[in-house]
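Take a look at the structure below.
The values are calculated or read from the model by the stated rules, or taken from the named source; none is laboratory data. This is a predicted model, so every value here is computed, not measured. For neighbour counting, all protein chains shown are included, and Cβ atoms are generated from backbone atoms with ideal geometry for every residue, glycine included.
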Amino acid sequence: MNKIRATYQRVEKDYTLSVDYTYTWDDGDYFTPPDKELEVTEVYIDSETISLDFYYDFLQDKLEDDICEHADDNR
């Protein structure tokens, strides 16, 4: 298993949304399929932390693919 910790940022006109995450992956082999896992550890707008419950309720569906793409690009 491989692991990275990084921050995904989305800069908008009036604010910057930042998501700290841990991304774990295994490329797999002939006998084991590839596997990946994303764990969000902190979310904040500019310098203000917002709750993880808010992230999972309202933002996860919109951001998860972008965050995984960011993680794949940075591994």
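Suppose the filter is under 16 Å from LYS62 (Cα atoms) and either among the aromatic types (Phe, Trp, Tyr) or modelled with pLDDT of 95 or more (or both); does TYR21 pass it? Considered against the rule, which asks whether it is under 16 Å from LYS62 (Cα atoms) and either among the aromatic types (Phe, Trp, Tyr) or modelled with pLDDT of 95 or more (or both), TYR21 comes out as yes. Could you look through the stretch 1-26, keep only residues that are farther than 15 Å from CYS68 by Cβ and more than 10 Å from the chain's Cα centre (by Cα), and pick out the one that is surrounded by the fewest Cβ atoms within 10 Å (Cβ to Cβ)? Out of the qualifying residues, it is LYS13.
Is it true that TYR56 is exposed (fewer than 14 other Cβ atoms within 10 Å of the Cβ), more than 15 Å from the chain's Cα centre (by Cα) and among the aromatic types (Phe, Trp, Tyr)? No. Scanning the stretch 14-32 for residues that are on the phi < 0 side of the Ramachandran plot, in a loop (DSSP other than H, G, I, E, B) and not charged (D, E, K, R) turns up TYR15, TYR30, PHE31, THR32. Within the stretch 33-50, the set of residues being exposed (fewer than 10 other Cβ atoms within 10 Å of the Cβ) and either part of a loop (DSSP other than H, G, I, E, B) or in contact (Cβ under 8 Å) with a residue 24 or more places away in the chain (or both) comprises PRO33, PRO34, ASP46, SER47.
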